[in-house]
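The values are calculated or read from the model by the stated rules, or taken from the named source; none is laboratory data. On a predicted model such as this, the values are computed, not experimentally measured, just so you know. FYI the Cβ positions are ideal-geometry reconstructions off the backbone, even for glycines, and counts take in every protein chain you see. Each accessible area value is taken on the protein alone, full model and side chains, heavy atoms only, with ligands, DNA and RNA left out. Shrake-Rupley method; radii C 1.70, N 1.55, O 1.52, S 1.80 Å.
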Amino acid sequence: MSERQPKPIRLAINLLASGRHNASWKTLDQPDRLSLDIDRFVAIAQLAEQGRLDGIFMADNLGGLTPEAYKRPWRAIAPSILLAHLAAHTRHIGLVSTVNALYGSPALLAREIASLDHVSKGRAAWNIVTSQHDFAQTIFGTTAELTQDEKYAKAEEFVSIVTGLWGSLPVEAIVADIERTVYVDAARLRPIDFTGTYFSSHGTLGIPGGYAERPVIVQAGASESSKRFGSRWADALFTSHWNLPDAQGFYRDVKQAAAGYGRNPAGLLIFPGLYPILGATEAQALRRKRDLDDQLDLEHAKGALATMLGIASGLLDLSKPLPYDSIDLNGADMLTPVRRREKLVKDAQRRNLTTRDVLVEYVTGGHRIVIGTPEQVADDIIDWIDGDGADGFNFNVDTFPSGLHNIVEGLVPELQRRGRFRLEYESSSFRGNLGLR
């Protein structure tokens with residue numbers, strides 16, 4: 001019996017103005033320009049491509065001024081606009097644009113992502129999110145909050161229309177027949193005819209749905225509804241796990257669910273978030289993290305943690321463990337899913353963390369933090385990949401550009417030396433580099 005071939009490792013970055021660490025902007029020049037400095041974003045994208053990374057992921061805040069903007073640089077430029085500019089300055093790296101599937105028009109979104117795919121020659125992806133936040137509802141002029149079932153029913157309609165429109169104008173329908181004076185052959189079109197509870201769409205999109213194949217679909221979330229939704233629609237899932245057993249359970253569940261939809265489970269890639277902090281030595285990496293943590297506004301972060309836990313901030317003492325007896329793990333609210341709260345609390349108990357530890361690891365990080373040398377971080381990555389906890393990782397970089405330099409010049413070469421990461425891109429398309437058909 002032949003041994004299983006090691007899985008190729010897929011790596012992407014979460015593109016932020018200053019970096020994932022909430023104090024990163026304090027260490028950079030001209031911090032007032034970070035959210036709008038297009039040349040800086042270009043340099044980051046080119047550095048990521050120099051490291052042969054798979055993709056650049058851009059989250060979004062739906063255009064409203066978010067609470068984070070009062071404390072750090074925020075996501076200001078519309079993702080697809082920024083990524084279209086980055087497409088002109090890169091050649092291989094994938095470009096993942098986040099667009100909410102509860103707001104706006106599916107037809108406009110279908111055109112937007114298809115256009116990005118043509119502009120980038122096959123490197124576009126749509127990251128589907130279904131979040132509902134007060135600031136987004138306010139700027140969109142709605143206060144109606146959907147239940148979990150309603151939310152995913154609406155998202156199902158949105159995605160059905162988008163994917164249907166992507167297939168409505170096949171490239172082969174553009175015949176450009178000079179003799180017959182026929183440019184588009186109507187007989188080859190596949191117009192959609194969709195009427196749903198939340199959205200309706202009838203007709204043909206005015207652009208082929210992709211440069212060569214349809215754009216990659218990514219989805220973010222970890223609830224049971226989200227897992228079912230992602231297993232049906234997505235090519236890749238962005239998720240968050242802080243320990244390997246939980247990640248393995250998620251990995252197994254969504255792969256099985258994909259098979260239940262008649263899909264090849266290998267065609268659904270799992271990308272947990274990972275927050276690597278690198279140094280030439282472990283002590284240097286720890287010092288890098290500590291120097292950034294020392295600049296945090298922990299009183300503000302304490303308020304965010306209290307909201308996440310559903311308790312009063314006065315119950316939190318930085319030097320003590322969380323007040324576990326006061327935290328409800330059975331209730332539900334839309335802004336802080338109980339599953340996320342439960343994972344945080346259980347992990348904090350397991351590791352005997354203080355409230356300060358929780359703040360600097362979870363609230364200001366959001367994803368699993370690994371601190372150490374390139375060799376140590378490479379060991380961790382390979383353990384998760386080979387242990388079927390992940391197919392790749394979406395990196396949260398502590399500070400741009402220095403943290404990305406550490407990845408590209410330290411971690412990537414270490415993975416390459418071990419034969420686990422590409423030396424050159426395999427394809428000019430995002431789908432091709434991900435190994436997806």
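Shape class of the stretch 1-143 from the alpha-carbon gyration tensor: oblate, with a/c at 1.5 or above and b/c at least as large as a/b. In whole percents, the pair-distance distribution calculated for the stretch 244-300 from its alpha-carbon pairs, binned every 5 Å from zero, is 4, 15, 15, 12, 10, 11, 11, 10, 9, 4, 0.
Its Kirkwood hydrodynamic radius, worked out from the mean inverse distance over all distinct Cα pairs, puts the chain at 22.8 Å. Computed across the stretch 89-176, the Kirkwood radius stands at 14.7 Å (inverse of mean 1/r, all Cα pairs). Counting only DSSP beta bridges whose two residues both lie in the chain, roughly 15 percent are antiparallel.
Sort T399, T147, T138 by accessible area with a 1.4 Å probe, largest first.
Ranking T399, T147, T138 by accessible area, largest first, yields T138, T147, T399.
Evaluating 6.51 cos²θ - 1.76 cosθ + 1.60 at θ = phi - 60° for every residue in the stretch 200-216, the Karplus couplings come out as 9, 7, 9, x, 10, 5, x, 8, x, x, x, 5, 10, 10, 5, x, 5 Hz, glycine and proline recorded as x. A 1.4 Å probe run over the chain, with the rest of the protein chains in place, finds 45 Å² accessible per residue.
Simple point charges give the picture: +1 on the Cβ of Lys and Arg, -1 on the Cβ of Asp and Glu, and for the chain a dipole about the Cα centre of about 440 debye. Across the stretch 76-140, the volume of the C-alpha convex hull divided among the residues equals 81 Å³ per residue.
With Rh defined as the Kirkwood radius, the inverse of the mean 1/r over Cα pairs, the Rg/Rh of the stretch 352-396 is 1.03. The amide H of G387, built 1.01 Å from its N in the peptide plane, has no neighbour under 5 Å, considering only residues 5 or more places off or on other chains. Accessible-area rank, largest first, for D177, D54: D177, D54, with all protein chains present and a 1.4 angstrom probe.
Solvent-free Debye calculation, one equal scatterer per alpha-carbon of the stretch 211-330: log10 I(q)/I(0) at 0.13, 0.16 Å⁻¹ equals -0.80, -0.97. When Y324, Y261, Y183, Y198 are compared by accessible area of protein heavy atoms, the largest-first order is Y183, Y261, Y198, Y324, using a 1.4 Å probe. In order along the stretch 387-398, phi translates into HN-Hα couplings of x, 6, x, 6, 9, x, 9, 9, 6, 9, 8, 4 Hz, rounded to whole numbers, per the Karplus curve 6.51 cos²θ - 1.76 cosθ + 1.60 with θ = phi - 60° and x for Gly and Pro. Rolling a 1.4 Å probe across all protein chains gives D37 an accessible area of roughly 50 Å².
With the convex hull constructed from alpha-carbon coordinates only, the stretch 138-178 shows a mean projected area of 4.9 nm² over all directions.
What FRET efficiency comes out for K71 versus D328 if R0 is 41 angstrom and r is the Cβ-Cβ distance? Round to the nearest 0.05. Computed FRET efficiency for K71 and D328 comes out at 0.95.
For the chain, averaging the sequence separation of C-alpha pairs within contact (under 8 Å, six or more residues apart) and dividing by the residue count gives a relative contact order of 22 percent. The angle separating the long axis of helix 244-260 from the principal Cα axis of greatest extent in the chain is about 20 degrees.
With viscosity set to 1.002 mPa s at 20 °C, what whole-number translational diffusion coefficient in µm²/s follows for the stretch 161-271 from Stokes-Einstein and a Kirkwood radius over Cα pairs?
After rounding, the answer is 131 µm²/s.
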